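Read the structure below first, then the notes.
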Protein chains: 2
Amino acid sequence: MELSSSLEDYLEAIYNVIKVKTAARATDIAKKLNVANSSVTNALQILVKRGLVNHAPYDIITLTPEGRKTAKQIAWKHEVFRDFFITVLAIDSDTANKCACSIEHIIPDEVVERFIQYLDFERQCEYGGKRWVEGSGFKRNAGINENGQCEVCKEKQGKDARS
Amino acid sequence: MELSSSLEDYLEAIYNVIKVKTAARATDIAKKLNVANSSVTNALQILVKRGLVNHAPYDIITLTPEGRKTAKQIAWKHEVFRDFFITVLAIDSDTANKCACSIEHIIPDEVVERFIQYLDFERQCEYGGKRWVEGSGFKRNAGINENGQCEVCKEKQGKDARS
DNA sequence: ACAGTAAATTAGACCAGGCTAAAGATATTA
DNA sequence: TAATATCTTTAGCCTGGTCTAATTTACTGT
């Protein structure tokens, strides 16, 4: 059965806490997601019912194999989008994170794959590197001159001027 | 005050119906959004209260200037994302639309601007043109050889082989 | 070992946003 | 113009997700 965006957030938060602390408590999750403790309890009960989380009342929180798999998937999407926003769109880290966090629940896997392939492509092709130039938009890194123009833009302008 | 994703969807749907029909009826919106008629009535009452829609019971539906402005903004975001998914990621039109429709409510304006700038950049720079090659990912259009490799990939492979 | 504190849970409420069924208003057409 | 069909609205219900306040459990230090 499908998880709601909200439940995915809880699962991901648990995953991230466990990565550094080995044992997660409800308060950690609550702080991370900025919700009341009781909301966490509520979500936990659902996630336990769905077989994604191990948790007896007042006990610590761990993930089932199934839960870990699902959480990994979500965290992976998050990373892809974060990467995209930062390295391609030059968005600041904080905004990038927030955007990633909201769209990760929505964009289907095939499309996430395309983002990955696109990122790979940009990294492999040496003309793919680009940077954000304030007030003038994106420019290729390769051969940027003092006016913030790449080889291609420069050549084009030359051609345009001659014709 | 902020509009929820749901209300934005309604507003956008009204905007799109009005663009082709001049007068919108509740049923049009219901069909477009795949919801019950009563849900539309409900949403309309809220949108009227917020000063975005003109609508008396049993009357036709139009947008206030404020509503039109907001709707345009939403529709504009939709177009940007749709464009990005189709021309950059080579996603099929249907999926592109669905993705655009869900993230358009979530991504802040500054980030949408970056998407636009990025699209412009890719279109202006002649090395920016790229195409999707089945089974091998994105390749530059410029100088693609019979193996689907662009000039850059080819040179790199040559260099790698020689070293 | 136990009192005090911190954390977790329960209970109960609220809101948004959807639905169905029934009633009310409007259009169509014989 | 009366009957019928089609919209629209209302009323009432449900679910998911949040909250606060009160209670229960567990931990910690002396």
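In this label model, A:Gln45 and A:Ala23 are separated by 2.4 nm, measuring between points 7 Å along each Cα→Cβ vector. With label points set 7 Å from Cα along Cα→Cβ, the inter-copy distances at A:Ala75 are 4.4 nm, sorted shortest first. Derived value for region A:66-108: Kirkwood hydrodynamic radius 10.4 Å. Basis is the mean of 1/r over every pair of different alpha-carbon atoms.
Report the net charge of residues surrounding A:Thr64, where surrounding means a beta-carbon distance below 13 angstrom and charges are Lys +1, Arg +1, Asp -1, Glu -1.
Details: positive: A:Lys49, A:Arg50, A:Arg68, A:Lys69, A:Lys72; negative: A:Glu66.
Around A:Thr64, the surrounding residues sum to +4.
Put a dot 7 Å past the Cα of B:Ile116, heading toward its Cβ, do the same for B:Trp76, and the two dots end up 0.5 nm apart. The chymotrypsin sites (Phe, Trp or Tyr not before Pro) of region B:23-126 that DSSP puts in a loop, and whose beta carbon has at most 15 other beta carbons within 10 Å, are B:Tyr58. Within the set of other residues whose C-beta is less than 12 Å from the C-beta of B:Leu119, count the net charge using Lys and Arg as +1 and Asp and Glu as -1. Spelling it out: positives minus negatives among the neighbours equals -2. Computed with a 1.4 Å probe on the full set of protein chains, the accessible area for B:Cys101 sits at about 50 Å².
Here region B:5-70 yields Rg over Rh of 0.90, to two decimals, using C-alpha coordinates and the Kirkwood radius. Shielding value for A:81-92 is 2, the average number of Cβ atoms from other chains within 10 Å of each residue's Cβ. Region B:73-108 and region A:40-60 have Cα centres separated by 36 Å. Modelled this way, with points 7 Å down the Cα-to-C-beta line, the labels at A:Ser5 and B:Ser4 are 1.2 nm from one another. Legend: Rg and Dmax of region B:42-124, from Cα coordinates, 15.9, 50 Å.
The values are calculated or read from the model by the stated rules, or taken from the named source; none is laboratory data. Note that the coordinates shown come from a computational prediction; the quantities given were computed from them, not determined experimentally. Quick reminder, even Gly has a Cβ in these numbers, built from the backbone with ideal geometry, and neighbours come from all protein chains shown. Heads up: the accessible areas ignore ligands, DNA and RNA and are worked out on the full protein's heavy atoms, side chains in. Shrake-Rupley method; radii C 1.70, N 1.55, O 1.52, S 1.80 Å.
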